[in-house]
Amino acid sequence: MKKIPLCLVLLGLAGCAGVQPWERDVLARPEMSLDDSPLDAAIDDHIYFSKEASSGGRGFGGGGCGCN
Amino acid sequence: MNSSCAATLTRDADHWVGRFVAMASPCEVLIDHAPGELAQQILDAISSEAWRIERKYSRYRTDSVVNRINESAGQEMVVDDECANLLDFAATLTRLSEGAFDITSGVLRKAWTFDGGDRVPSQQQLDELLQAVGWHRIEWQRPLLKLRAGMQIDFGGIGKEYAVDSAADLVENIAPGLSCLINFGGDVAVRHPRQDSKPWRVGIESSTRIGAAARVVQLSRGALATSGDSRRFVFRAGQRYSHILDARTGWPVRNAPHSITVAADSCTQAGTLTTLAMLKGRDAEVLLKASGVQYWLQ
Amino acid sequence: MKDKDNFNATLAAATCALLGSAATPVAAEEEAGRWSFDSTLLYYGESDDRVQDISAAVSALRDFGDERKLSATLTADTLTGASASGAIALNRPQTFTSPSGRAVYTTAAGEVPLDDTFLDTRFALNASWSQPLARLYTFSAGASFSTEYDYTHLGANLSLARDFNKRNTTLSAGVAWSQDDVDPVGGRPIPLSQMLDVGNGANKRNGGESKDVLDLLLGFTQVLNRTTVLRVNYSYSDSSGYLNDPYKLLSVVDPLTGDTLVRVPVGQGPDGVYVFESRPDKRTKQSLYAEVKHAFGTPVMHFAYRYMTDDWGIDSNTAELRVRWPLGDGYIEPQLRYYTQSAADFYRASLVGGAALPRYASADFRLGDFDATTLGIKYGHGTASGNEWSLRAEYYQQNGSVPREQIVGNQANREQYPDLSAVIVQFGYRFRL
């Protein structure tokens, strides 16, 4: 099993400017939310869990069914 | 429209309820913990203020300032401080809404009757009327106002909320610290929390079920204003056209929420935000979120 | 109105100029929260009369104000049909004993053998609660339960998130446990034992077995700019217990011809040599997932990528792209997903007769080497009352291959990997009460 290096370039992003609270107009749109369709996501995760060997990523591993 | 200049005061459980009609709306005043004479004095002050503002700014009354301005036919008029303040405020709103809100858009009501029927004006009708719409066509240099012939101003969009705040100021002078809820047709303000700290409960009418409350907001302090199309609209070909017109096009705003309620520090601020948000149509919620106020949509 | 700061300041100043006095800060709260619902009806159908599934799900969310939320989802689905069992196709018909051990079923010549057709109904319930713990901290806890005729699941999860940097950055950590019980129809077959005749349960063990899973999730969300947000998750998952699929088989084949060894049943039973699969009783997975949402004007683009690796030798890469475009009163959202995985170390297309039995072996196509593509489109439409209905259609295609060294004799002339294609149609409706 290959190990995934844990030191991520992304940690550097934490220093990103980000936006001021009053600049969150676009981000406030429902379709910009990372979890805007939790039911769709759950359904997709379930279908792919039952047909493929990988699961999760966005949230917990899911599964919990006899389909794999 | 003549409002009956009578205000009634009754006692309800632990507070006084004053009722009257002003600005074509049912008005009520809820007064917490006060002796009867004080409650009557407050009700008189509030109702007088409401009628004063109605008399001064109603476009229907021949003796109102607004009517005189609308009949001025190109003549220069001098307006007083209060009127000048309202004109300045309206100018700011026109700027903030990029022209969608405009107090000169009242003439468009000649084309639209929002009575639940299905009459929709023709583009030609609207184009003709739009010739007389536009804040940029007005010459406003405080305290001098000049309208072109055919133009009219209408403070309908901001008058009621201003009246609520103005009335609240009066109560503050008579009885500072008293918790008094002023409600002019759904525009509400409370300056101080009640003595027992219980909030006032304000029901917000459902946009689909007239008379039923869609939600109840507990208001301890501050103001609420609601903008909506539940009672005034045109329904045609499966489309519901709200009564809020975009002054730039003459058409009602599309895809606006049925109803927006905003909680803010003052009634004027709350009312302004509901109007500006409605004018954004589909993006109403974006504006409301960016403003940081609490709001409820239907 | 590009600068919201100016907007708010201008409005505040104008209101102050009009009213003169400073107003009191508002204190208002909605008395009762609202319920918002998301419901969906889904049809999933594979080609060649394989699996068909109809499922219905309802999700309810209640906002109690102050960022306290309760959500619950109830799902019911009915599955019919069968998947490839792992046995290879032959030029002759094949007969197998059904899982119950009480009957046989046959596969036609040239067809990829499927499990015995079954009908299974599953119910699942998920609930979760989230609330702020202190300023900038959010806590959430959840539980899940599901049941079907041979499988029960029970799980719980906890997570904690902390905001930094004016809520531009969020770090989160979560843990989930689950305990599943597998009670296969006809009993658990002894791994790598031969499929026996009808009525012979010598290689089956009664009683259920359990499978425990521990999941750890570390998350990082960052607002990159006004129109872009990024999320990166690292997950670690450890499963132990009964990880076999009790219904999957491997064909034992002749080393020269590659055809399944013949067997003569006593009465009714299999006419070939088939053995039940065997997987390790432990599996550790790690994955790295990143997703970006970017608004370019009104349309919104979503891109996600996931890399997964485990100690079964499987590595997978997933890439997903969706773009949502406004269309009239609604939106249209095309979707594309590409998935590729490498086979598990113990994946075998078939077992060679006479050779030593490996410790672990499975011919389950889901552990093989394959690529899968999903092409889909979703249309959503807002209704007059502020609710939304949507329609989604997707086409999923899986194409796999068997390593050359595993192809024996005549297998080279036949379909070696049971490719899969499926159509998914989903109707959704979101509403508030």
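The values are calculated or read from the model by the stated rules, or taken from the named source; none is laboratory data. Predicted, not measured: the structure shown is a model, and the values here were computed from it. Because the Cβ atoms are built from the backbone with ideal geometry, glycine has one as well, and the counts that use them run over all protein chains shown.
Determine, yes or no, whether C:G258 is crowded, with 20+ Cβ neighbours inside 10 Å and more than 29 Å from the chain's Cα centre (by Cα).
So C:G258 fits the description; yes.
Okay, residues lined up against (1) in contact with a strand residue (DSSP E or B) (Cβ under 9 Å, 6 or more places away or on another chain); (2) surrounded by fewer than 21 Cβ atoms within 10 Å (Cβ to Cβ); (3) of a type in the set (A, V, I, L, M); (4) under 30 Å from B:L287 (Cβ atoms):
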{"residue": "B:R55", "(1), (2), (3), (4)": "no, yes, no, no"}
{"residue": "B:A73", "(1), (2), (3), (4)": "no, yes, yes, no"}
{"residue": "B:M77", "(1), (2), (3), (4)": "yes, yes, yes, no"}
{"residue": "B:E82", "(1), (2), (3), (4)": "no, yes, no, yes"}
{"residue": "B:T92", "(1), (2), (3), (4)": "no, yes, no, yes"}
{"residue": "B:G106", "(1), (2), (3), (4)": "no, no, no, yes"}
{"residue": "B:R109", "(1), (2), (3), (4)": "yes, yes, no, yes"}
{"residue": "B:F114", "(1), (2), (3), (4)": "yes, yes, no, yes"}
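Yes or no, residue by residue, for (1) more than 23 Å from the chain's Cα centre (by Cα); (2) of a type in the set (A, V, I, L, M, F, W, C):
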| site | (1), (2) |
| --- | --- |
| C:A343 | no, yes |
| C:A349 | yes, yes |
| C:L357 | yes, yes |
| C:S362 | no, no |
| C:G368 | no, no |
| C:Y379 | no, no |
| C:V402 | yes, yes |
| C:R414 | yes, no |
| C:L420 | no, yes |
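For the range C:395-433, give me the residue count where each residue is within 30 Å of C:Y379 (Cα to Cα), modelled with pLDDT under 95 and not aliphatic (A, V, I, L, M).
So the count comes out to 4.
Looking only at the range C:51-85, count every residue that is closer than 25 Å to C:D271 by Cβ and within 14 Å of chain A (Cβ to nearest Cβ) and tell me the total.
Qualifying residue count for the region: 4.
Take the residues in the range B:281-290 that are surrounded by fewer than 22 Cβ atoms within 10 Å (Cβ to Cβ) and in contact (Cβ under 8 Å) with a residue 24 or more places away in the chain; name whichever of them is nearest to B:G222 (Cα to Cα).
B:E285
Would you pick out the residues in the range B:50-68 that are in contact with an Asp or Glu (Cβ under 9 Å, 6 or more places away or on another chain), under 27 Å from B:E172 (Cβ atoms) and of a type in the set (D, E, K, R)?
B:R55, B:K56
Working only within the range C:29-47, note down all residues that are modelled with pLDDT of 85 or more and either small (G, A, S) or closer than 30 Å to C:G110 by Cβ (or both).
Of everything in the range C:29-47, those that are modelled with pLDDT of 85 or more and either small (G, A, S) or closer than 30 Å to C:G110 by Cβ (or both) turn out to be C:S36, C:S39, C:Y43, C:Y44, C:G45, C:E46, C:S47.
Among the residues of the range C:337-344, is there at least one that is of a type outside the set (A, V, I, L, M, F, W, C) and farther than 30 Å from A:M32 by Cβ?
Yes, the range C:337-344 contains a residue that is of a type outside the set (A, V, I, L, M, F, W, C) and farther than 30 Å from A:M32 by Cβ.
A quick yes/no check of all residues on (1) among the basic types (K, R); (2) more than 28 Å from C:S421 (Cβ to Cβ); (3) surrounded by 15 or more Cβ atoms within 10 Å (Cβ to Cβ):
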| site | (1), (2), (3) |
| --- | --- |
| C:G328 | no, yes, no |
| C:Q335 | no, no, yes |
| C:S342 | no, no, yes |
| C:F346 | no, no, yes |
| C:V352 | no, yes, yes |
| C:A356 | no, yes, no |
| C:F365 | no, no, yes |
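Could you list, in sequence order, all residues of the range C:293-326 that are part of a loop (DSSP other than H, G, I, E, B) and surrounded by fewer than 19 Cβ atoms within 10 Å (Cβ to Cβ)?
Hits for the range C:293-326 are C:F296, C:G297, C:T298, C:P299, C:D311, C:G313.
Answer yes or no as to whether C:F139 is at negative phi and within 14 Å of chain A (Cβ to nearest Cβ).
No: the conditions fail for C:F139.
Only residues that are more than 7 Å from chain C (Cβ to nearest Cβ), farther than 17 Å from C:G174 by Cα and touching a Lys or Arg at 6+ places or on another chain (Cβ under 9 Å): list them for the range A:41-68, please.
A:A41, A:D44, A:D45, A:Y48, A:S50, A:C67, listed by residue number.
Can you report the number of residues in the range B:125-145 which are over 23 Å from the mean Cα position of the chain (by Cα) and either of a type in the set (S, T, N, Q) or under 17 Å from B:E82 (Cα atoms) (or both)?
6
Residue under question is C:D116, and the condition is that it be farther than 24 Å from C:L391 by Cβ, in contact with a Gly (Cβ under 9 Å, 6 or more places away or on another chain) and surrounded by fewer than 21 Cβ atoms within 10 Å (Cβ to Cβ); does it hold?
It is false that C:D116 is farther than 24 Å from C:L391 by Cβ, in contact with a Gly (Cβ under 9 Å, 6 or more places away or on another chain) and surrounded by fewer than 21 Cβ atoms within 10 Å (Cβ to Cβ).
Could you please find all residues in the range C:363-407 being in contact with a strand residue (DSSP E or B) (Cβ under 6 Å, 6 or more places away or on another chain) and within 22 Å of C:V275 (Cβ to Cβ)?
Hits for the range C:363-407 are C:A363, C:F365, C:L367, C:G368, C:D369, C:G400.
State whether the residues of the range C:372-394 include one that is aliphatic (A, V, I, L, M), surrounded by 15 or more Cβ atoms within 10 Å (Cβ to Cβ), within 23 Å of A:S54 (Cα to Cα) and modelled with pLDDT under 95.
No.
So C:S251 ticks every box in (1) surrounded by fewer than 21 Cβ atoms within 10 Å (Cβ to Cβ); (2) within 25 Å of C:D419 (Cβ to Cβ); (3) in contact (Cβ under 8 Å) with a residue 60 or more places away in the chain but one. Which box is left unticked?
Just one mismatch for C:S251, condition (1).
Among the residues of the range C:208-240, how many are touching a residue at least 60 places away in the same chain (Cβ under 8 Å), assigned to a strand (DSSP E or B) and not hydrophobic (A, V, I, L, M, F, W, C)?
Final tally of qualifying residues: 2.
Could you please give the count of residues in the range C:99-133 that are in a strand (DSSP E or B), in contact (Cβ under 8 Å) with a residue 24 or more places away in the chain and of a type in the set (V, I, T)?
Looking only at that region, the number is 2.
Output the strands (runs of 3 or more DSSP E) that fall wholly within the range B:214-298 and possess 1 or more residues being at pLDDT 90 or above and within 11 Å of chain C (Cβ to nearest Cβ), or say none.
Output list reads B:259-264, B:294-297.
Among the numbered criteria (1) among the charged types (D, E, K, R); (2) within 26 Å of C:E46 (Cβ to Cβ); (3) in contact with a strand residue (DSSP E or B) (Cβ under 8 Å, 6 or more places away or on another chain); (4) within 11 Å of chain A (Cβ to nearest Cβ), which one does C:R348 miss?
Just one mismatch for C:R348, condition (4).
Residue by residue through the range C:388-407, note down the ones that are part of a loop (DSSP other than H, G, I, E, B) and touching an Asp or Glu at 6+ places or on another chain (Cβ under 8 Å).
Listed by number, the residues that qualify are C:V402, C:P403.
I'm trying to understand the selection: among the residues of the range B:92-138, which are within 14 Å of chain C (Cβ to nearest Cβ) and either farther than 11 Å from B:L245 by Cβ or not in a loop (DSSP other than H, G, I, E, B) (or both)?
Answer for the range B:92-138, where residues must be within 14 Å of chain C (Cβ to nearest Cβ) and either farther than 11 Å from B:L245 by Cβ or not in a loop (DSSP other than H, G, I, E, B) (or both): B:T92, B:L93, B:T94, B:R95, B:L96, B:S97, B:E98, B:G99, B:I103.
From the set of residues in the range C:199-217 that are more than 30 Å from A:S54 (Cβ to Cβ) and crowded, with 18+ Cβ neighbours inside 10 Å, which is nearest to the chain's Cα centre (by Cα)?
Restricting to residues being more than 30 Å from A:S54 (Cβ to Cβ) and crowded, with 18+ Cβ neighbours inside 10 Å, the top hit is C:K204.
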